[in-house]
Amino acid sequence: MYRSLFPRDMFAEIYRLQRDMQQAFDLSPSIRGFAANGFPALNVGSTSQALEIYAFAPGVDPATLEVHLERGLLTISGERQSALPKEGEKAAVHINERFDGKFRRVMTLPEDADPEAVEARLRDGVLRITVQRRASAQPRRIAIQ
């Protein structure tokens, strides 16, 4: 029969090379969608009272997580340690699809976000950040006289 010119795991090697290059050049995806599969994955929503951001970061040590708000930019950063065997150990890794290493996500907040009213909570690997809207931006009913 015919022999393949390419190893069976060629696509896995291409994927690994792409991931390594993204990490080397810090081309991490942003909320605006530079690339798919950013870490941590985000869900962002809003109400008339607050902006809600959910960052899904399972396996991240809470001590390594940092949330910063400066001049309307919200930054979520941290590091997830690898659970793989170290290089000196006698073990082989056949597939490694889980992200490990340092990460950073940055997003611009709307102008009506109140930088003094930000709350962040981590529970079961989900970081929930609530940013209240300024009182002046809240909808209100005007009494007719």
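Here, each number is a calculation from the coordinates, and none is a lab measurement. If you're wondering where the values come from, they're calculated on a predicted model, not measured in any experiment. Cβ atoms come from the backbone with ideal geometry, glycine included; neighbour counts cover every protein chain shown.
Two-decimal Rg/Rh of the stretch 55-145 from alpha-carbon positions, Kirkwood Rh?
Values: Rg = 19.8 Å, Rh = 16.3 Å.
Radius of gyration relative to Kirkwood radius: 1.22.
Between residue 95 and residue 56, 0.36 nm times their residue separation minus their Cα-Cα distance comes to what?
Values: separation 39, 0.36 × 39 = 14.04 nm, distance 2.22 nm.
Additional length available on full extension: 11.8 nm.
Less than 20 Å from a label point 7 Å out along the Cα-to-Cβ axis of residue 69: which backbone N atoms in the stretch 120-145 qualify, by residue?
120-123, 126-139
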